[in-house]
Every structure is written in C-alpha cells, then in structure tokens.
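Note sheet for the following structure.
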Amino acid sequence: MPLPADILPAAAVSARRGGNRGDRLYHAALQLLGGAVLAVAGLVLLELADVAAPAARRLGLGFLWRNDWDPVSGAFGALPFVYGTLVTSAVAIALALPVSVGLALFLSEMGPRRLRPVVSFAIEVLAAIPSVVYGLWGLFVLVPVLRDWVQPALARALGFLPLFQGPPIGLGYLAAGVILAVMILPTVTSVTIEVLRTVPASLREASLALGATRWEAIRMAVLPFGRAGIVGAALLGLGRALGETMAVTMVIGNSPEIHASLFAPGYSLPAVIANEFAEATGEVHLGALAALGLVLFGITVLLNGAARLLVAAVARGSARSAR
Amino acid sequence: MDAPANKISVQGLKAWFGKNEVIHGASLDIPDRSVLAIIGPSGCGKSTFLRCLNRMHELTPGAGSSGKMLLDDRDLYAASVDPVELRRRVGMVFQRPNPFPTMSIARNVSAGLRLNRVPGDHAEVVERCLRQAALWDEVKDRLDAPATGLSGGQQQRLCIARALAVEPEVLLMDEPASALDPIATAKVEDLIHELKQRYTIVIVTHNMQQAARVSDRTAFFYLGELVESGPTEKIFTNPSEQRTEDYVTGKFG
Amino acid sequence: MSALRRRNAVNAFWTAACGAAVLLALLPLASLLWLVISRGVGGLSLDFFTHLPAPVGEAGGGVGNAIAGTLYMVGLASLVALPAGVGAGVYLAERGDGRFGSAVRFTTEVLAGVPSIVVGIVAYGLLVVPMKRFSALAGAVALAILMVPPLARSTEEFVRLVPGTLREASLALGVPAWKTGLRVVLRTALPGILTAALLAVARAAGETAPLLFTALNNQYWNARPDQPTASLTVQIFNYAVSPYSDWHDKAWSAALVLLLLVGLLNLAARLLARGRGGRTA
C-alpha cells in the first residue's frame, strides 16, 4: 500500500530517539497493540492445534480422506465435510458471480444514475443481515420453494445429469449453495465495483470514441482490464462461503455422506463443528472437530491470500497504464 | 457561395456541466478537408467544444448542450442520429495515449472494425492505417506484441491509426501532442499534414506555434466565448479582436 | 444500417441483463425482510422484551434474557476490542511502514478472513477448557477476536486520511507526538473510527457460530461472566430448528428484534458517516 504523498508518517518525525517521555510511552503502547494482533494470531493457531492434538495423534493424516464419520463407533473422516463445503461453495460462486458482475456493472456503468444509490443501499442491507436470520429464511422460505418448484423443474429439464437426480427434499447441497450465493453477493459485488473503478476512464472513452456501444466498451476495455480482479472478487466470496456456518447448518440437511446429486442432504465443515462441538464426548471427538476447524482455517487463509494478491495486481496495472 | 463546402457547421452552441455554462454560444464553419485549430487558455471550453462534435460531452453526468451542429448539413443532435454511429464517422484522439492494454498492436488498430463486425483478418487495414500513422516501420515486426510496450509517441500514433481504421470523415484531436516529447510531436504534426488530404481535422492545442504550423483556420476561445475564428494567417498576423491579438502575442494566457 | 441495429440490440440485451441481476439480488432481500416483519410483528409485545422464554405449548414468554445476554456479551467484547482495534489501526497508520508493521497488517488481513466458528473453537480452548464451564466471558472473548481485525483495518484507513500538514502544524507548535496523535490525528479521524466501531458492534451482535459452544445458552437471567449466557442469535437458532410451530413464531419475532438492533446500529453508523461527509466537503 503506497503512502499518499501528503502524509508525513509520524515515524519520520520521531525517528530521532530521545524526545520526551510521553512520546516514548505512546509509541511503546502503539507497538504493543500492533504486537497484540500477532499474539492473537499465534494464539488462534496454538489453541486450534492444542484442541486438535489428541485427535491428530490418534487418527493421523488419514483422517483427511476417510469418508465415514460416526463418533459413537469412533470413526472420524473429514471427507464428507470437505466435500460438502467445496460443493456448496462452488454452487454459491457459480450463482453469485454472474449476478454480482451484473450488479456491479449496473451500479458503476450501465444503470440509471438515479437508481444507483437505492440499489447500492439495498446491497448494504443484504450485507448487514445476520447469518442466523438468513438461515431462518432459508429453512422456512427457500427450502419449500426449492422442494416444490425448483427441484422438480430442474429434474424435468436436466434430470439426465447426476447433479439433478433423486427425490426433491429441499434440504441439501443446493439449498445451502443458494443461500450462500445470496450471502456472498454483497462481498463479490463490492469488490468487483472496486475493481471496475480502477479501470482508467480513458479506456472507456477510447472505445466510445471508436463508435462502441456502452456494452461494447465494457466488453472490449473494461472487463478484459479487470479480469484478474474479478477472479479475485470471486475468490474472496468463496472464502466467505467456505467459512459461513449458521445458514448452511440450518439448510444443508446435516448428513455426513457424499452424494453426487445437489438435491441430496450433506454436511459442511463449519456445520458439523456447530452441531457437535458443544455435545462432543471425549477428547478425540472434540479433537477431530477442532482438526476440521484447522482444515477450514488453512483453506480460507490460502484463498484470501490469493484473492488479495489478484485484486492488488489489477490496482498496480491501472497505476501503470495511468502513468 | 465561392467558399468550399462546409463539412461541419456550428450555430449558437451552448454547453454546460450542471449549472455551470462553459460555452456561451459559439458559431463557426469548418470546410471539408481542412485543419481547424482551436486555441485559448486552459479551461475556456476548447475540449468541451470538441467533445460536443462527437457527442462525448453528453456522457458526463449532468452535462448538456444546445444549439445547432451540422455534419454534412445534417443535425448531429437529431433524434434519428445514433451517437454510436456518429462516433464512427467522427473519430477522436485523446490528450493522453490510451491504447487498450489487453490487446496487441494489431488488434488495437482493428478494434473498431471488429466492433462493426467487418469480416476478415484486417491485416491490410492494419498495415494501411499504421502506414498512414507513420508507425508501420517501427512496429511491423511485432504486431502481436502488447501495445503497452510502445513509447508514448508511438502509442499516440497507434491511437491515431486506431481512429483511422474505421474510416472516419472527421478526426478530432484533443491536445494530441501535449504528453509527447518534441520529436514525437514533430511526427504527429507531419502526420496531420498528410491526413488533411483525406480528412477534416479539428485539433485543440494550447501551443500557438503548433496551431500556426498545422492549421488552415484557427478559432480562439476565451472564457467560454468564441472570440474570433478565421484563416490561421489572419488570426496570427491581423486579428480583428483586441483579445485575440493580446493572446497570440503572449500578453496573457 | 442493420449491423448497427443489431449492435444496439445487443447493448439493450446486456443492459436488461444487468437490470435482471439487480432484480434477482433484490428478490431474496425483499422476501426476507417482508417475512421477518410480517411473521415476527405479531409476537412482539412488552413481555417479549422483558420475560424469560416459556416452555413449549405455553403461551407468552419472551426473550428478555437473550436480549440482555447479547448486550452483555457484546458490551464485554467491545470493552476490550474497541480500544485494541483502534489502537492497532493507529499503530498501522502511524508506525506500520516497517517490516514488523507489514507483518501486523498481513496478520490482520488473515484474521479478518478466519471463519467465526473457528474463533469459537479458539475461545473454547482458551477459556471453556480451563474454567470447565461455558461462560459469557468465553463468548465475549470470541466476539472480541472477531471485532478487532476489521476495526483495525478501517481505523488505519481513516487515520491515513488525516492530512500530514495537520500533524506537522501541531508538531511545529511544540506539541509532543503522543498529544498530536491523540488530540489532533485521532480527533480528526474520530467520526470515521466511530462509524467503523458501530459497524463492528453490529456485526458482533449478529454472530451466532462463535457463541454456540462458548456462551452456550441459558434459560434464565444471568449477569455473571463465568456462567453460560443466552443470546438472541443462539435463541433464534434453537427456536428455528425445533419441531414446534409456536417456537418457529418466536424465532421470527426474535429475528425481527435482532434485525431492529442491528439496523439501528447500522443506521447510527450511516448517520455518523454522512455527518462527516458534509463537514469535510
């Protein structure tokens, strides 16, 4: 993050030590608070590892690709949860990305200017609604709609695909994916808008002056320029979807199995932790759940890191071509 | 009428941003295949005038204009005129070179043709336009290289080639040399001499020597008012308005 | 010219597609808000805000203890997280340009992306295990860990917006750096920081996952930090996944209360932000 030129960092002012006692205290306190963030991060990892340790010792790495989970008989495999998390997140991003890009284009390029603040406010409201309220709505509104209308229609139209087979029961991967799509919409939209803003206005003008329509200018200059950033936005949305707990717990069906059909009930990493952690018996069960948390932590850190790099790369590109 | 046919005729043009009127009624004619230079201090409405000619002005939120602007005796702002089609006939080159960074040199030139779904690989058009823009010899071996690898002057000539590829009738140039070094500027000026055989050119410049070198006619804008327009020689040697004389002799601005 | 007509049609099509995306996004929002209001408003009464939950089948009862529990834990968390988050943000803006600062900034970004359920496990290991019981304190610690990173990031942004000339003017007057930091820089950035703080509080009030196995739940009033504590969100979850339709009604009413709470906090944040925009314009 480059420093704006007109900001004088205090560090430059106080670089010469000595100064007065108040200053030294102030800077020490700030340093301490910064260090506290690192300490908290360390604590997060340590505690996770600590709670997970008994399970790690007992189960070993094989835990990651075993596909059965039955705490009563001592079977602990992470695969159904990893699978459910990935499938629901993939559905979510597949649904949310086109809508988000459309929304972002509407808000930054194509929509009537008078409507934009209204839509933008609505997206902010969408972002502010707590997860458990989404879950409530999903359970009593979305699931019945999927069961009675959407799934039968999908089965009729695309039932030859394994994805859309089986009885329409509503609860399952599809419901979790749809509700995740709604929930990550604000994130993906706002990051996409950020990315579109970095596209230099001169490129848009160059296209329009060649006789491009508004859409042609977007397709020709805006989208190619922002492509990497939009991928980054999708990854950030994916990161949010992976860790989302309550709404998924309430609609995914909570069944630790692997099914090809999106209509089937499944389970996700956060959902199983939410459901079983408080009532887990024995440190292996607890540890296995914490190990699932560790897996989730690892995936989200990797994903968020990659996403930030991509968005930053677009910003750098725009700085270069604005030179 | 013994004057050559007018390509563009402007009558009583007013333009504004929100409540702020920036052109207070300008009238002038631009003969076919001539170069008109628009001079004046910065912020006096030169660029806005130019952007009214291809209806880019109206794209700015809150911006608008009134008055008559005729291209080949047809009203630019008539309801039947599609601004998209108009901008194909009236090309524009911007102050800063703005090639598409995601496209190669060749694809930048053919961008407008591909928009219009002209079939073919456009190799001929690309070569002709790059030759017209005096860039061919410098880039003929790397047509597929990204346009961002070119120098500033080359990029600007590439933008000119891009504008030429859609075969416009009028070429608008908004201070096309202000971001360029003297050598690149000289090349662009030579190019303007070449291009006026085939196109009507309107060039905005804050550089009076440049206006004197490249143009047939000159218009002087001051504070949103078109003070005077006429043959370049007359404007620079024997203007009828005191303000014009003061400006071209460097007394202000 | 028909090619042009086709291109204009393509343009119109994609413009309409973007409009359709807007409708598609607004549909769930409208449906959700309408249902929470229409199904929740019937159950609202004074009792609902002040009474303890009633057993299944029994009329009346409320979520008073859950509202109190949410406020209690969010309050406890804010006590630590607001100063810590703001302080870390000021650190990043004022002294965070070195290698250590970059490490802190990167860590903040990483922590901001950690799923809240994972933070719940951390608070569990940190407090529930040694104390051998679920507690409001554990819940508050989990919420605090979640509040710090976003608050630190927005504080950094707002502090960096304070013009360097202002800082220089103060230092040139002989005001020490710490006083300049607190009185001039922080003071100038304050409206923005308060907005960010309110948003962090609103987010914490809506969190469920990190409370499930830290604060757990409680059918009764509780003011002790070392006891399990009810919260509005966990209560909504329990009501919603129960098989009883009168509890479902209570879930909608409690959701309405939660939305009102979160909405008020967001509204306050917006008003603050707007006030600031007006002044600096």
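The values are calculated or read from the model by the stated rules, or taken from the named source; none is laboratory data. Everything numeric in this text was worked out from a predicted model, so none of it was measured. Positions of Cβ are backbone-derived with ideal geometry, glycine not excepted, and every protein chain shown enters the neighbour counts. Accessible surface areas use protein heavy atoms only, side chains included; no ligands, DNA or RNA. Shrake-Rupley method; radii C 1.70, N 1.55, O 1.52, S 1.80 Å.
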### Query
How much accessible surface area, in Å² rounded to 10, belongs to the heavy atoms of C:CYS18 with a 1.4 Å probe?
10
### Query
With labels modelled as points extended 7 Å from the Cα through the Cβ direction, what inter-label distance (nm, one decimal) is found for C:VAL41 paired with A:GLU257?
4.4
## Note on the structure
Kirkwood radius from Cα pairs of region A:62-322 plugged into Stokes-Einstein at 10 °C, 1.306 mPa s, gives D in µm²/s equal to 80
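Per-residue ellipticity at 222 nm for chain B, helices alone: DSSP H runs ≥ 4 residues times -39500 (n - 2.57), over residue total, nearest 500 deg cm²/dmol?
Details: 10 runs with 88 residues, N = 253.
So the helix-based figure for chain B works out to -9500 deg cm²/dmol.
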### Message
I'd like the accessible area for A:HIS259: 1.4 Å probe, protein heavy atoms, all chains in place, Å² to the nearest 10.
### Response
60
### Accessible-area order (highest first, 1.4 angstrom probe) of the listed residues C:TRP247, C:TRP252
C:TRP247, C:TRP252
### Query
Please state the equivalent ellipsoid semi-axes for the protein assembly as shown: what are the square roots of 5 times the Cα gyration tensor eigenvalues, largest first, in whole Å?
60, 33, 25
### Query
Can you give the alpha-carbon Rg of region B:66-118 over 2.2 N^0.38 Å, where N counts its residues?
1.45
### Query
Using +1 on the beta carbon of Lys and Arg, -1 on that of Asp and Glu, and nothing else charged, what's the dipole of chain A about the Cα centre, debye to 20?
1380
### Task
Nearest 100 Å² is fine: how much accessible area is buried between A and B, summed over both sides, with a 1.4 Å probe?
1900
### Query
What span do the alpha-carbon atoms of region B:11-108 cover on each of the three principal axes, reported in whole Å from largest to smallest?
42, 30, 27
### Drop in accessible area of at least 50 Å² in the complex versus isolated chain, residues of region C:75-102, 1.4 Å probe
C:TYR91, C:GLU94, C:ARG95, C:PHE100
## Note on the structure
With only helices counted (DSSP H, runs n ≥ 4, each -39500 (n - 2.57)), the per-residue ellipticity at 222 nm for chain A, to the nearest 500, works out to -21500 deg cm²/dmol
### Query
Over region C:127-228, how many percent of alpha carbon pairs lie in each 10 Å bin up to the one with the longest distance?
14, 31, 22, 18, 12, 3
### Task
Using a 1.4 angstrom probe on heavy atoms only, work out the carbon and sulfur share of the accessible area of chain C in %.
68
### Task
Calculate I(q)/I(0) for region C:46-280 by the Debye formula, one identical point scatterer on each C-alpha and no solvent, and give its log10 at q = 0.07 Å⁻¹ to two decimals.
-0.28
### Accessible area buried, both sides summed, chains C and A with 1.4 Å probe, Å²
7100
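Express as a percent, rounded to the nearest 5, the fraction of DSSP beta bridges in the protein assembly as shown (both residues included) that run antiparallel.
60
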### Task
Only counting protein heavy atoms at a 1.4 Å probe, give the residues of region B:57-101, ordered by number, whose accessible area falls by 50 Å² or more when the other protein chains are present relative to the chain alone.
B:LEU59, B:VAL84, B:ARG87, B:ASN98, B:PHE100, B:PRO101
### Summary
Listed residues C:ALA20, C:ALA140, C:ALA204; largest mean-square fluctuation, Gaussian network over chain C with Cα springs below 10 Å, found at C:ALA20
### Task
Mind ranking C:ARG183, A:ARG156, A:ARG113 by accessible surface for me, highest first, 1.4 Å probe?
A:ARG156, C:ARG183, A:ARG113
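On average, how much accessible surface per residue is there in the protein assembly as shown, in Å², for a 1.4 Å probe, leaving out ligands, DNA and RNA?
Details: 36550 Å² over 857 residues.
Per-residue value: 43 Å².
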### Query
Counting only the heavy atoms of the protein chains, how much of B:VAL204 is accessible to a 1.4 Å probe, in Å² to the nearest 10?
0
### Query
Among the lysines, which fall within straight-line cross-link reach of B:LYS196, defined as a Cα-Cα distance under 22 Å, with same-chain neighbours fewer than 8 residues apart omitted?
B:LYS7, B:LYS46, B:LYS187, B:LYS234
### Residue among B:ASN20, B:ASN108, B:ASN54 with the largest mean-square fluctuation in a Gaussian network model of chain B, springs linking Cα atoms under 10 Å
B:ASN20
### Task
Whenever you get a sec, compute what percent of the accessible area on chain A sits on carbon and sulfur atoms (1.4 Å probe).
66
### Message
Could you tell me the relative contact order of region A:62-322? Use alpha-carbon pairs under 8 Å, at least six residues apart, and round to a whole percent.
### Response
28
### Task
Using Cα centres only, tell me the gap between region B:208-253 and region A:197-255 in whole Å.
49
### Message
Probe radius 1.4 Å, ligands and nucleic acids left out: which of C:THR15, B:THR48 has the largest accessible area, and how do the rest follow?
### Response
C:THR15, B:THR48
#### Entry: Segment B:ALA5-B:GLU127, extension gain: residue separation times 0.36 nm, minus the distance between their alpha carbons
40.8 nm
